[in-house]
Structures are given as structure tokens and as C-alpha cells.
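*Asks:* Provided herewith is a single structure, encoded as C-alpha cells, for subsequent inquiry.
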Amino acid sequence: MSMSVEDCTQAREGFPRPYPNTPSNVLEQLRLTGKVVVVNGAADGIGLAVAEAMAEANANVALWYNSNEAAVERSQALAKIHNVKTAAYKVEVSDHNQVYEAIATVVRDFGKIDVFIANAGMAISKPILEQTVDEYRKQMSVNVDGVLFCAKYAGEVFKRQGFGNLIITSSMSGHTVNVPVDQPVYNASKAFVTHFGKSLAREWREFARVNIVSPGFFDTKMGASPLAMHEAYRMSSLGRQGHVKEIKGLYLYLASDASSYMTGTDVLIDGGYVLP
Ligand SMILES: NC(=O)c1ccc[n+]([C@@H]2O[C@H](COP(=O)([O-])OP(=O)(O)OC[C@H]3O[C@@H](n4cnc5c(N)ncnc54)[C@H](OP(=O)(O)O)[C@@H]3O)[C@@H](O)[C@H]2O)c1
């Protein structure tokens, strides 16, 4: 039962909480000097652009990859260009032991984790009546289990540290049934992580923020397939897919002190696809 008006007017000890001790200059708020950011799915696509954004803002960055060894060279290039510390780690996110070990290793190597960006994902885009049980399990193991394992073990670090910031890459497909390719399992896997992230924002309210990014079609390996491409251009109000450089600012905002009053939010960045 809700509290009565009388109960609600009683001051609660410790409230209101103090404002954070952050700069008032917005460009200073956006700087990540001294912060440690983990990005998974960081070898290419959205994850690589996000890792670049973090290094450009002066963060030290741990880039996780699974099969794409280019992450190693790209990590070294970021360190050299931006004069920050980086390292690449090979981690299969659907294996909870690997995730646990990799998080412990990052903490050993970098001393802490300020921001964890759970970005890895995959799709086997088929109608359920054509999808095998193994294909269903594979998508759930990466998109759902992978995010959950990263959140669980990064969350343990955040709680121990007393601070942290989790950003989950979901999808507009968690909001809308995008067309014309039926892909109910992928869509539902993204709806899971969106609501999971919002729920964590409450669970972790004493020590960490959690936000979700829901991209529409971006021009990456996972972007619009030849079957979906022309419909993607028609459905998006801006008439095209996004370029990965156009998503960097959003992740930087969410990773930085500029978003210190933001938690439990799911931000659509889709060129207006979900609008109609
Ligand atoms: N592009 C879009 O239109 C779009 C739209 C909405 C949402 N998204 C989401 O954005 C995220 C990034 O996708 P992207 O567009 O940048 O495509 P991408 O370049 O194919 O990136 C997907 C990343 O996920 C990683 N990954 C896949 N399976 C993994 C596993 N089992 N363990 C660890 N890492 C794994 C891949 O790592 P390796 O290459 O090293 O194997 C890859 O770097 C995904 O979560 C995707 O669902 C993309």
C-alpha cells in the first residue's frame, strides 16, 4: 500500500542527498581523465567507435573482443594516438567463468572499473518457425546471458568500490518489431536487456548508475542486411542508417559526469525509425 500524505511529508534521514562534486563546465564534465572504461564487442562497429570516443575523452580503455583479433592492434593504436593506457582481452561473453576472470584481470591491470559498456551482441534473423532451438539458444547466450554475466560481475566490483556506471547496448528492436525481416528472438533478447538495465538502476541505486542505449540501424556488420536496407532507409525519418561516429557522443555523455543525474534511462538513437 502507498504511504499516506502525512507519512510522505516526514523528512527521511539522509535526504535530500548532496549534489555530486563535479565540474560545472560541461566540457570538463565530459572529460574522462583518470577513468577506466571497459567496452566489449570493441574490435569493430559500434563498440570500436565507443572505445575510440572514450580514449578521445582521455579515458584508459579495456577493449574486449571475441573472434576479431584486430582489437589488439586497434587497442595499441588508441593508446599511441591518445596517450592513454589500453589493453585488449579475448572474452567469450556467454561463458560466465571467462567474464568473471576477465573482469578480475582488468581490475588487476587498471586498478578499478569506472564504466562498463556491455555492447557485444549478435543476431540470427529468422522467423521463429524457421529458427532452430540451437539458434535461439545462441542468441540468448550472447545477448541476454552475456549482458547479465557482465553486469553481475562488474556490479560486484562497483559495489565494492562504491561507484560504477553500466551502459548496455540494447536496440530499437526491443521497442518495436522492425520490418521486413522477422527476428522475434533477437527483438525479445533486446527487450530483456532493456528492462534488466532499468531494474539494475534501482537495485544499484546506492553505488552505480545504469543506462541503456537503443540504436536503430547503424552501418556495421550487424546493420541493415540487403533484405532490410531499403525499408530501413524508408522507415528512418532521416532516410539512412547511422554512421558509428554519430553514436559516440551519446556513450560519452552516459559514461561521463555530464549525465550524473541520469540512471535507468533507455535512449533511442534511430534516425526517427520508431517515430511513426
Ligand atoms: N548495427 C546496428 O544496426 C545495430 C542496431 C541495434 C543494436 N545493435 C547492437 O549493437 C551492438 C554492437 O553491434 P555492431 O552493430 O557494432 O555489430 P558488430 O560490429 O558485428 O559488433 C558485434 C560485436 O559483438 C561481439 N560478439 C559477438 N558475439 C560475442 C561473444 N559470444 N562473445 C563476445 N563478444 C561477442 C563481436 O566480437 P568479435 O567480432 O570479436 O567476435 C562484435 O565485436 C550489438 O549488441 C547489436 O545488437 C546494432
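*Asks:* Alpha carbon centre of region 91-111 versus region 1-77: separation in Å?
*Replies:* Here the two parts' Cα centres lie 18 Å apart.
*Asks:* For region 112-187, which GluC sites (Glu not before Pro) are both in a DSSP coil and crowded by at most 11 other Cβ atoms within 10 Å?
*Replies:* GLU130
*Asks:* Rank HIS243, VAL147, VAL106 by how far each Cα sits towards the positive end of the charge dipole of region 23-269 (+1 on Lys, Arg Cβ; -1 on Asp, Glu Cβ) and give me just the farthest.
*Replies:* Final value for the positive-end residue is VAL106.
*Asks:* How much length, in nm to one decimal, is gained on full extension between ASP7 and SER260, taken as 0.36 nm per residue of separation minus their Cα-Cα distance? Don't skip to the end; give the middle numbers.
*Replies:* Values: separation 253, 0.36 × 253 = 91.08 nm, distance 2.92 nm.
Extra length available between ASP7 and SER260 comes to 88.2 nm.
*Asks:* Over the chain, what number does the Rg to Rh ratio reach, with both radii from the alpha-carbon atoms and Rh per Kirkwood?
*Replies:* 0.99
*Asks:* Could you work out the helix-only [θ] at 222 nm for the chain, with each DSSP H run of four or more residues adding -39,500 (n - 2.57) and the total divided by the number of residues, to the nearest 500 deg cm²/dmol? Write out the running numbers ahead of the final one.
*Replies:* Numbers: 10 runs with 106 residues, N = 276.
About -11500 deg cm²/dmol.
*Asks:* When the Debye formula is applied to the Cα atoms of region 190-276, each taken as the same point scatterer, what base-10 log of I(q)/I(0) results at q = 0.25 Å⁻¹?
*Replies:* The computed values of log10 I(q)/I(0) come out as -1.19.
*Asks:* While we're here: Pull up all non-local amide H partners of TYR89: gap of 5 or more, or a different chain, and H-to-H distance under 5 Å with H placed in the peptide plane.
*Replies:* So TYR89 has HN proximity to LEU63, TRP64, TYR65.
*Asks:* Given Cβ point charges of +1 (Lys, Arg) and -1 (Asp, Glu) and nothing else, what value in debye, to the nearest 20, does the dipole of region 23-269 about its Cα centre take? Don't skip to the answer; put the middle values down first.
*Replies:* Values: 24 positive and 24 negative charges, 93 e Å.
Roughly 440 debye for region 23-269.
*Asks:* List the relative contact order of the chain as a percent without decimals, with contacts defined as Cα pairs under 8 Å and 6+ residues apart.
*Replies:* Taking the mean separation of contacting Cα pairs over the length of the chain, I get 18 percent.
*Asks:* Now a separate question. Here are some pairs, LYS35/LYS190; LYS35/LYS126; LYS80/LYS221; which of them have Cα atoms lying more than 31 Å apart in this structure?
*Replies:* Violating the 31 Å Cα-Cα cut-off are LYS35/LYS126.
*Asks:* Moving to a separate point now. Based on the Cβ-Cβ distance of PHE207 and THR105, what FRET efficiency does E = 1/(1 + (r/R0)^6) give at R0 = 22 Å, to the nearest 0.05?
*Replies:* The pair PHE207/THR105 has a calculated efficiency of 0.50.
*Asks:* May I ask you to sort VAL210, VAL107, VAL115, VAL181 by Cβ crowding, counting other Cβ atoms within 10 Å and putting the fewest first?
*Replies:* Ranked by crowding around the Cβ, least crowded first: VAL181, VAL107, VAL115, VAL210.
*Asks:* Give a residue-ordered list of calculated ³J(HN,Hα) values for region 248-263 (Karplus: 6.51 cos²θ - 1.76 cosθ + 1.60, θ = phi - 60°; whole Hz; x for Gly, Pro).
*Replies:* Result, rounded to whole Hz: 4, x, 5, 5, 4, 4, 5, 6, 9, 5, 4, 10, 4, 9, 10, 8.
*Asks:* Kindly provide the GluC sites (Glu not before Pro) of region 6-84 that DSSP labels as loop, not H, G, I, E or B, and whose Cβ sees at most 12 other Cβ atoms within 10 Å.
*Replies:* Answer by residue number: GLU13, GLU69.
*Asks:* At a 10 angstrom cut-off on C-beta neighbours, averaged per residue, how do the peptides 96-103, 232-239, 58-65 rank from highest to lowest? Provide the component values of the computation, followed by the final result.
*Replies:* Details: 96-103: 17.9, 232-239: 16.0, 58-65: 26.2.
Packing order, densest peptide first, comes out as 58-65, 96-103, 232-239.
All of the numbers you see were taken from the coordinates with simple rules; none came from a lab. The shown structure was predicted, so the numbers you read here are calculated from the model rather than taken from an experiment. Cβ: placed from backbone, ideal geometry, glycine included. Neighbour counts: every protein chain shown.
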